Structures are given as C-alpha cells and as structure tokens.
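Some notes on the structure that comes next.
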Amino acid sequence: MPTNVTSKKEAWNDEHTLILLREMAHSLLINRSTFYSTPGLKGVNEHGGDRINKKIQQLLKSLCCTIPGGEKLVEEVLKEMKTKNKINNNGSPGKKRKIKD
C-alpha cells in the first residue's frame, strides 16, 4: 500500500563504510572454520587450520588497509572476539570433580 510519506535517505559516508567493513571482518573471522574443509585447501590445512586462519587475517588486513580508518580494524575485531570469548567462558560451568571420601 503506497503512502504519501517520503522518508529521506541518509547519505552514505565513511563511517558507514567502516561499520560495514567491521561487520564483514567479524563475520568472516567468526566463521573461518568453514574454510578448513574446502577441498582445494586440504593441502594447507595442517595444525588445525592455522595456515588458513593466518591467510584469512592477512587478506582481511590487506582489504581493510585500502579503506581510510580501517588499518587496525582486523586487530580490533580479533581483540573484541577474544574478550567476548573470555567473558563467555568464565560464566560456563567447569568440569565437576569427584570428591573421594
């Protein structure tokens, strides 16, 4: 149903680009394990995918450096992910130990 109210669209600016780039980096880094089973990458998938992980980070850094203000973005996202992971792990119950009488 058409309405007579027209909404004024916000102009795209550098801040929007950085937000989008940050979300792209976060999404790729959080889902990087999906690349470990790619058939063409089987030959470089040793040490738990460490080489693939490092290459993903290297490519992301190269992309982010092309955008003004994105030079340290990958490091920031990785740091945020580690911090969130620590917070989430502290709240989870650990292994229960059996107490011998």
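Counting just the residues of the stretch 36-76 that are surrounded by 13 or more Cβ atoms within 10 Å (Cβ to Cβ) and basic (Lys, Arg), which one comes out nearest to the chain's Cα centre (by Cα)? Out of the qualifying residues, it is Lys61.
Would you confirm whether or not the stretch 4-16 contains a residue that is within 19 Å of Met81 (Cα to Cα) and assigned to a helix (DSSP H, G or I)? For the stretch 4-16, residues within 19 Å of Met81 (Cα to Cα) and assigned to a helix (DSSP H, G or I): absent. Quick check, is Asn88 at pLDDT below 85, surrounded by fewer than 10 Cβ atoms within 10 Å (Cβ to Cβ) and at negative phi? Answer is yes for this residue.
The values are calculated or read from the model by the stated rules, or taken from the named source; none is laboratory data. A quick note: this is a predicted structure, and the numbers were derived from the prediction, not measured. For neighbour counting, all protein chains shown are included, and Cβ atoms are generated from backbone atoms with ideal geometry for every residue, glycine included.
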